[in-house]
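This report refers to the structure that appears directly beneath it.
The values are calculated or read from the model by the stated rules, or taken from the named source; none is laboratory data. Because the structure is predicted, anything quoted here is derived from the model rather than measured. When we count neighbours, we look across all protein chains shown, and the Cβ atoms used for this are built from the backbone with ideal geometry, even at glycine. We work out accessible area using only protein heavy atoms, side chains counted, and drop any ligands, DNA or RNA first. Shrake-Rupley method; radii C 1.70, N 1.55, O 1.52, S 1.80 Å.
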Amino acid sequence: MQRPDWAPETLDVERPSVARMYDYYLGGSHNFAVDRAAAQAMVGAVPEAPLMAQANRAFLRRAVQFLNEAGNRQFLDIGSGIPTVGNVHEIAQRHAPDSRVGYVDGDPGAVAHSREDLAGNESATGG
């Protein structure tokens, strides 16, 4: 596989990533063939895996919206993975445009994705 421009040299693009598998289960576009194959293998062992990811993301949406409605305008997403479908900043800023969001992850691929996806959003940062 050819390395995408955003991918740091430390990122092994031939090795599946749980963060990118999660993105795949949510219908995102930040995954590679190796991630999709691993995700499908997981579905063979745990057929509910996509539903579990989707339920987790639905809870995140409800929690962020609840906190936003309660007046919270700052969010820190620790272990955020790859910014994917229904990101914290999308949810929070849809309800309150002045919301600020920080994403933190130790996975170099997730950090690279975050920085690329959040470029231009001065109220959201990833690292």
Considering ASP23, ASP5, ASP35, which residue is part of a loop (DSSP other than H, G, I, E, B) and of a type in the set (Asp, Glu)?
ASP5
Regarding region 57-65, can at least one residue be identified that is more than 12 Å from the chain's Cα centre (by Cα) and more than 22 Å from ALA19 (Cβ to Cβ)?
yes
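Residue-wise test of (1) closer than 28 Å to SER123 by Cβ; (2) open to solvent by 30 Å² or more (accessible area, probe 1.4 Å); (3) polar (S, T, N, Q); (4) at pLDDT 95 or above.
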{"site": "MET1", "(1), (2), (3), (4)": "no, yes, no, no"}
{"site": "PRO8", "(1), (2), (3), (4)": "yes, yes, no, no"}
{"site": "GLU14", "(1), (2), (3), (4)": "no, yes, no, no"}
{"site": "TYR22", "(1), (2), (3), (4)": "yes, yes, no, no"}
{"site": "ALA33", "(1), (2), (3), (4)": "no, yes, no, no"}
{"site": "GLN65", "(1), (2), (3), (4)": "yes, yes, yes, yes"}
{"site": "GLU69", "(1), (2), (3), (4)": "yes, yes, no, yes"}
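Consider VAL18 carefully, then state whether it is in contact with a Pro (Cβ under 9 Å, 6 or more places away or on another chain) and surrounded by 11 or more Cβ atoms within 10 Å (Cβ to Cβ).
On the way: in contact with a Pro (Cβ under 9 Å, 6 or more places away or on another chain): no; surrounded by 11 or more Cβ atoms within 10 Å (Cβ to Cβ): yes.
In short, no.
Does any residue of region 77-93 turn out to be over 17 Å from the mean Cα position of the chain (by Cα) and without any contact (Cβ under 8 Å) to a residue 60 or more places away in the chain?
Taking region 77-93 and keeping what is over 17 Å from the mean Cα position of the chain (by Cα), we get none.
Looking through region 77-93, none of the residues is over 17 Å from the mean Cα position of the chain (by Cα) and without any contact (Cβ under 8 Å) to a residue 60 or more places away in the chain.
Looking at ASP12, is it acidic (Asp, Glu) and in a helix (DSSP H, G or I)? Talk me through it step by step, then tell me what you get.
Details: acidic (Asp, Glu): yes; in a helix (DSSP H, G or I): no.
Answer is no for this residue.
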Looking only at residues in region 73-127 that are over 19 Å from TYR25 (Cα atoms) and polar (S, T, N, Q), which one is least open to solvent (accessible area, probe 1.4 Å)?
SER99
Going by the conditions given, is GLY44 assigned to a loop (DSSP other than H, G, I, E, B) and either among the hydroxyl-bearing types (Ser, Thr, Tyr) or surrounded by fewer than 19 Cβ atoms within 10 Å (Cβ to Cβ) (or both)?
no
